[in-house]
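The values are calculated or read from the model by the stated rules, or taken from the named source; none is laboratory data. Here the structure is a predicted model, which is why all the values come from computation and not from measurement. Positions of Cβ are generated from backbone atoms using ideal geometry, with glycine treated the same way; all protein chains shown enter the neighbour counts. SASA here: full protein model, heavy atoms, side chains in, ligands and nucleic acids out. Shrake-Rupley method; radii C 1.70, N 1.55, O 1.52, S 1.80 Å.
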Amino acid sequence: MLVCFRLRKCLLKWLGAFLSTLVFAIALAQTLSPPESISVANSTSPTPAATANQLIAASSLQSQVKYDRKLAHYATVFRSDGSFRQMFIAPHSLAALQPGELLPNGTLIVMETWYSPEDLGAVFIKQKQDGEWRYGSFNPDHPDYQMSFGGSCHRCHAPFPDTDFTLTKPLLEAALRTRQVQTAYCDRAGRTPCAPEAYLPEES
Ligand code: HEC
């Protein structure tokens, strides 16, 4: 069919055949590809708002294995710069908690620092020993629960004796009471502490 004898005619014929094959291939590819909404839903970079909603929706207090430990997510604190922090407590510490009392010796709290929903930074930990908090931090890929006393970590926590040198004890107690993960909002960027009122549960 595509046999031809004169060069110009021949080229035109081939070009025509090539173009119609191309159009057919594009039409076929479009029929076979999934509708756009599915590829959007599968997007791997959720918007901060979408992720925040998911975090709030997945909100019942339950323990999970994280960093080689069982930990229960009790609160998320959102910041004005889009960063947020997620607080976890060891289940044995949750069980030992007496609302209104100081946190007992042995209490282990873990905090993830998220710079954006895709960007998890260092993991912070604190554990109470002999009535004092020990602090530590590790890279999420390398769980390490080594801790030391005080130092630069305690600087920001020291002005909060009423909540046992934590900022999130009221949220922790509310989580225990309601069995729901608590959320709070601090209208400052980074890790600068907000006033204690920012860390009160919404219900009170
Ligand atoms: C610049 C001030 C600042 C410094 C320094 C700081 N923190 Fe905090 N930390 C905070 C604030 C504020 C919160 C409450 C969460 C929020 O508002 O983002 C918090 C919360 C925590 C929590 C959750 C339990 C709680 O106390 O409410 C842990 C665990 C923690 N910090 C560990 C550490 C460790 C470990 C270090 C040192 C490596 C450290 N922090 C140094 C400001 C600070």
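Once neighbouring chains are kept in place and the probe is 1.4 Å, which whole percent of the accessible area of region 59-198 is contributed by carbon and sulfur?
Answer for region 59-198 is 49 percent, counting heavy atoms of protein chains only.
In region 90-147, which GluC sites (Glu not before Pro) are in a loop and have at most 14 other Cβ atoms within 10 Å, using DSSP for the loop call?
E101, E118
Per residue, how much accessible area does region 87-204 show when a 1.4 Å probe rolls over the protein heavy atoms, in square angstrom?
52
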